[in-house]
Amino acid sequence: MHEGVNGTSGLNALINTTTEPAGANCANGGTKIETGLDANANGVLDAGEINTLQTKYVCDGTLGVNSPQGPANGTQAVLINGTLTNQFDA
């Protein structure tokens with residue numbers, strides 16, 4: 001059995017997370033998640049390397065009534081990749 005020649009090294013996938021202000025993408029603010037391949041192998045996801053078709057948002061919900069900032073007995077809705085979930089305050 002003969003070994004073949006090593007191929008070229010692949011590219012690393014990188015992720016950026018940044019705070020998303022309240023606005024069109026997240027009514028109450030949240031986190032923006034950007035992904036892409038590190039084409040120049042510098043260990044940083046540069047603007048030209050971001051795959052904008054894969055950008056996602058994890059949005060903050062409205063304050064639940066049992067949260068430290070809200071009144072008692074409520075829920076907090078959170079949008080995760082387009083799916084709305086409720087987090088119930090205990």
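The values are calculated or read from the model by the stated rules, or taken from the named source; none is laboratory data. None of these values were measured; they are calculated from a predicted model. Cβ sites come from the backbone with ideal geometry, for glycine too, and all protein chains shown count toward neighbours. Calculation scope for accessible area: heavy atoms of the full protein, side chains included, ligands and nucleic acids excluded. Shrake-Rupley method; radii C 1.70, N 1.55, O 1.52, S 1.80 Å.
Of all residues in segment 40-60, those that are among the hydroxyl-bearing types (S, T, Y) have Cβ atoms under 6 Å from Cβ atoms of residues that are surrounded by 10 or more Cβ atoms within 10 Å (Cβ to Cβ), 6 or more apart or on another chain, in T55/E34; Y57/E20; Y57/N25; Y57/C26; Y57/G30; Y57/K32.
Among the candidates V65, V78, V58, V44, the residue that is at pLDDT below 85 and within 18 Å of the chain's Cα centre (by Cα) is uniquely V78. Filter segment 47-64 for residues that are part of a loop (DSSP other than H, G, I, E, B) and open to solvent by less than 50 Å² (accessible area, probe 1.4 Å) and give the result. Matches in segment 47-64: T55, G61, G64.
The set of residues from segment 1-47 being acidic (D, E) and either in contact with a Ser or Thr (Cβ under 9 Å, 6 or more places away or on another chain) or under 25 Å from T62 (Cβ atoms) (or both) comprises E20, E34.
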